There are 4 protein chains.
Amino acid sequence: MLMSVNKKIERKKILDAVTRKDIIDAVAATLINEGMQGFTMDKVATAAGVAKGTLYTHFKNKDEAIEVTMDSIVEPLIEQLDAIVTSNIPPSHKLTRYSALSFTFFDDNRDLFRVILYDRGQAHAPKQRFHDSRYWSFVQKLANIFEEGVREGDFLPLPALKIAAMFIDANLSVVMQRLANKITGNIQEDVSLVTGVFFRGIGNRDNESKKSGCEN
Amino acid sequence: MLMSVNKKIERKKILDAVTRKDIIDAVAATLINEGMQGFTMDKVATAAGVAKGTLYTHFKNKDEAIEVTMDSIVEPLIEQLDAIVTSNIPPSHKLTRYSALSFTFFDDNRDLFRVILYDRGQAHAPKQRFHDSRYWSFVQKLANIFEEGVREGDFLPLPALKIAAMFIDANLSVVMQRLANKITGNIQEDVSLVTGVFFRGIGNRDNESKKSGCEN
Amino acid sequence: MLMSVNKKIERKKILDAVTRKDIIDAVAATLINEGMQGFTMDKVATAAGVAKGTLYTHFKNKDEAIEVTMDSIVEPLIEQLDAIVTSNIPPSHKLTRYSALSFTFFDDNRDLFRVILYDRGQAHAPKQRFHDSRYWSFVQKLANIFEEGVREGDFLPLPALKIAAMFIDANLSVVMQRLANKITGNIQEDVSLVTGVFFRGIGNRDNESKKSGCEN
Amino acid sequence: MLMSVNKKIERKKILDAVTRKDIIDAVAATLINEGMQGFTMDKVATAAGVAKGTLYTHFKNKDEAIEVTMDSIVEPLIEQLDAIVTSNIPPSHKLTRYSALSFTFFDDNRDLFRVILYDRGQAHAPKQRFHDSRYWSFVQKLANIFEEGVREGDFLPLPALKIAAMFIDANLSVVMQRLANKITGNIQEDVSLVTGVFFRGIGNRDNESKKSGCEN
DNA sequence: CATGAATGAGCCTTCATTCAT
DNA sequence: CATGAATGAAGGCTCATTCAT
C-alpha cells in the first residue's frame, strides 16, 4: 500500500477529473434530452450517477454548470477558429475554412447545438455570456478577417462587423437546416454554397480582373 | 338600464375583446420587462389588472398565452410578407421589400424581439412552434420568391430553402446587431447592405447584362 | 344565493382571518414544539393543516412568519405596558403593575416564551428586531417610569436605562425559574419579592444599624 | 531522526493539543464572526486550517464542538467563581467579587458573549446544556452565598435561588447594555450600581423618613 | 489520524393551475 | 365569467456527516 505522495495526489486528480468529466457529460446529455427549460440539477445528478450535492462541489450553481459545460464544448471550436485566424493563408481561404469548421463542428455536436441554437437563452448568466460574450467574440474575429481581406483588396469596403455577423449566421442558417432535416455529410457542398454566395456578394470584382458589377 | 339581449351579448363581446386585448398587451409587456425566464402568470395578471384565474378563461395555459401573444404580434408581419409574396413585382424587388420589412418591423417591436431573439426558447410548446412552424413557413415563402427569380433567370439555380434561410438570418443578423447596439433608423443603408451582398452573391450575371438587375 | 357585495367581502375577510389565525397559531405551536432551530415551514404547514405554499400567501418568508407571530403575541403585552406607563398612578405602583404583568403574561404564554427566552435569536431579522427593537423599547419605557420616580423624589438618581434593564431582567429571571420549575400561580408572592428587593433592597436594616454593611 | 517511542507519543499528544486548541479557537472565532446561525463546520475547518473530516476526530458532532468550546471559555469563569465561593470573606464581599468578575469576564470575551447572549439557542443539545446545566449551577452557587449571608444575619431571609437568579441576571443585564453600547472600562462604577441596588435597594430612605444609608 | 470528495436528507421558496364563491 | 386563496409538485441549494484513501 505504499505510494508516493505525488502519485497519490496525481491519482486523486485523475479520479476527480473522471467524476468531473462524468458530470459535464451529464450536463450536456441533460441539456440535449430535456432542453434548456427542462434542465434540472436533479436530472443531471441522476444522469451522472452522483448525489445532487456532488454537483455543488464542482459548480457554484446551475448557471455555472451550464456555463462550464458550454465552454468545455465550445473550447475546441474557439481554438480551431483562432488557428484559422492566425494562420498564414489568404482571407478568403480563412473564411472558407471557418465555414467548413462550422459544418463539421456542429455536425459533430449536433444534438447539443440543436438545444443551444433553438433554446438560446433561458438561464440568467449563461444567456448573457453565451450571446453577448461568446457570440460577439466570434463576430469580432471574423470581422478581422474581413478587414484583412479589404486591406488586401479582395473584398469590398463594407461594414466588417455586420458582414461578419451575416456570414456567421448564414452558415448557422444552413447548419440549422441540416439539423432540422437530420442531414449529415456533404459538407463540402454546403461550404461552397455559403462561401460562393458571400464571395460573389462581397468580392471586389475589380480585383478579380473582371468587368464591373453592381456596386453599392 | 334596459338593453336588448342582442345588445347585451354584443357589448359582452366587446368587453371580452377589450379584456383579451388588455391581457395580450400585458403578456407582451411582461415578456419585455421580465424576459422569458422572469415571465410569470402573476406578473401578467397584475399588469393586465385582472385576477390570475381570469387568464385561464382566455388561455388554456401559460404556453398558449405566450403563443397567442406572439401570434398577435407576428400576424401583421406575416400579412405584410404575404402581400409582398403575392404582389406583382419582380422577385428581387420582393426580397428588397422583405429586407426593409424586417428592419422596420423589428425596429417597431424591438423591445419584444430583443426578448424573442435573445431569449428564444424556455417554454416547450412555444419554442417548438415558433421555430418549427413560424420560422419554416417564413423560409418557405422566401424560398418561393427565390425560385421565382431563378425561373425568371435573375438568380442562379441554387438550393432555394437554404438560400432563403440564409437571407432571413442574414437580415436578422443585422437586426440583432442593431438591437444589441441600440441603433435606430438608417434602415435603407442596412437594407442595401444585405440585399447588395445577396444580389451580387446569387445574381445571375449573364442575365444582369440584359436587365439592370441591381435592386436596392 | 343572493348576498350583498359587502357581505361577501366581509365573509371572505373572516375566512381569511380564520386561516391566518390558524397559521399563526401553527407557527406558535411549531415554535413551542420544535424550538427555534427545529422550526420549519413544512412543520408549520402540517400543523396548520394547509399546503406549504399557502404559508407564502400570508407571509413573505419564514422570518416574517416568525416575526408576525411574535408580534401578534407580544402585542397585548405592549398594549398593557403602555396602559401602565400612561396611567395616572405613582411610579412605584407602575413598576409593581409591570412586575405583575410580567408574571401573568409569561404565565399565560409560558410555552411560547420558554422558546423565546431560551431560544433567543437564531433567525436573521427576527433576532435583531426582537432584541434590538422590542427589548430596548421595553427598557426605554421602564426607564421613563424610573426617571419619573426620581423626579418625584421616590427613587435615588441612578442611571435609568441600566436600572430599567435590571428590573426587567430580574423579573424575567424569576419568570424563567417559574418556567423551569413549572410553577404556576402565587404570582403575588413573586411580585412582592422582586419589587421588594428593588424598592427596599435586600439589606437587613437592623443589621445595618450595627455594622456599616455597604460592600463595594 | 531517531526518537524514543515515548517521545513520539508525547510529541503526538502535544501536536494533538495544538490542533485541538486551534480548532477550539476556530470554533470560537467562527461563532463570533458568523453568529450561531451562520456557524458551519466548513467555516470552522477553514478557520482552523484543517480538513472538515478532522473536526470529527476531535468532536462527535457540531453540537459537541460548540459545547466543548463554550466550556473551554467558561471554565476560567467557573474556576474563579469557585474560588470566590470557597474564599474566606464575608458573603457580601463574595457577591461584589462575583459582580466584578462578571464585568471583567464578559468584557474580556465580549465578542463571543455577544453571540452567546444575543444568539442564545439554535442548536439543540448545547442550548439545553448551557442553560439548564451551566446557568443553573451558577445560580446554585450564588444561592449558597446568599444563604450564607442570611445565616450570618446580613441578608433578609428571602428565597435564595430566586434572589441568586435575579442577581446574576441583573448583572448580565448591565453587561448586555455595555455590549450593546460597546462600552468598555468603568467596571467599578457598574459593579457599585448593581451591588448598590441589591444591597441597599433603590428606595430613597430619606423619603422614607429614615437616616441616610450607603449612597453610591 | 488527516483528508476532502461525496453524500442525501431536508430546507426554503416559486409558480402554474384549480375551484369554490 | 371573474376572482384570488389555496394548492402542491418541483426546483435550487445547504450542510452535517461519512468513509475510502
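The values are calculated or read from the model by the stated rules, or taken from the named source; none is laboratory data. Bear in mind the structure is a predicted one, so any value in this text is a computation, not a measurement. Here the Cβ is made from the backbone with ideal geometry for all residues, glycine too, and neighbour counts use every protein chain on show. For the accessible areas, the whole protein counts, side chains as well, though only heavy atoms, and no ligand, DNA or RNA atoms are used. Shrake-Rupley method; radii C 1.70, N 1.55, O 1.52, S 1.80 Å.
Considering only Cα atoms, the convex hull volume of region B:148-189 works out to 81 Å³ per residue. Rolling a 1.4 Å probe across all protein chains gives B:F199 an accessible area of roughly 20 Å². Across all directions, the average flat footprint of the convex hull enclosing the Cα atoms of region A:61-202 is 8.2 nm².
In region A:12-58, the C-alpha radius of gyration followed by the widest Cα-Cα span (Dmax) gives 10.5, 35 angstrom.
Accessible surface of B:H93, taken over heavy atoms with a 1.4 Å probe and every protein chain present, rounds to 70 Å².
So what is the accessible area of region C:13-67 per residue, in Å², with the probe set to 1.4 Å?
Numbers: 2810 Å² over 55 residues.
With all protein chains present, region C:13-67 gives 51 Å² per residue.
Determine the shape class of region D:41-96: with a ≥ b ≥ c the square roots of the Cα gyration tensor eigenvalues, call it rounded for a/c under 1.5, and otherwise prolate if a/b is greater than b/c, oblate otherwise. Taking the square roots of the gyration eigenvalues as a ≥ b ≥ c, region D:41-96 is prolate. Label-point spacing for C:P90 across the identical copies (point 7 Å from Cα in the Cβ direction), in nm and ascending order: 3.1, 11.2, 11.2.
Where nothing but the Cβ of Lys and Arg (+1) and of Asp and Glu (-1) is charged, how large is the charge dipole of region A:61-202 around its Cα centre, in debye to the nearest 20?
Details: 15 positive and 19 negative charges, 75 e Å.
For region A:61-202, the charge dipole is close to 360 debye.
A probe of 1.4 angstrom, applied to the heavy atoms of all protein chains, finds A:I183 with accessible area near 60 square angstrom.
With the cut-off at 1.5 for a/c, could you classify region C:130-202 from its C-alpha gyration tensor as rounded, prolate or oblate? Mind dumping the intermediate values first?
Values: a/c = 2.75, a/b = 1.36, b/c = 2.03.
Oblate.
Of C:K162/C:K182; A:K21/A:K62; A:K43/B:K62, which ones are farther than 18 Å apart at the Cα? Result: C:K162/C:K182; A:K43/B:K62 exceed 18 Å. Between this copy and the others, label points of C:E152 are 3.7, 10.1, 10.5 nm apart in ascending order, each placed 7 angstrom from Cα in the Cβ direction. Distance between the pseudo-spin-label points of B:D108 and B:A51 (7 Å out from Cα toward the beta carbon): 3.7 nm. Per residue of C:28-40, other chain Cβ atoms within 10 Å of the residue Cβ number 2 on average.
Against the criterion of solvent-accessible heavy-atom surface with a 1.4 angstrom probe, A:D108, C:D42 sort, most first, into A:D108, C:D42.
Can you figure out the FRET efficiency of D:E152 with C:Q140, using R₀ = 25 Å and their beta-carbon distance, to the nearest 0.05?
Working: r = 39 Å, r/R0 = 1.56.
Using R0 = 25 Å, I get an efficiency of 0.05.
In nanometers and ordered shortest first, the copy-to-copy spacing of the C:S137 label point, defined 7 Å from Cα toward Cβ, is 3.9, 5.4, 6.2. Less than 15 Å from a label point 7 Å out along the Cα-to-Cβ axis of D:K21: which backbone N atoms in region D:53-85 qualify, by residue? Flagged as within label range: D:72-73.
Quick one: buried accessible area between C and D, total over both chains, 1.4 angstrom probe, nearest 100 Å²?
5300
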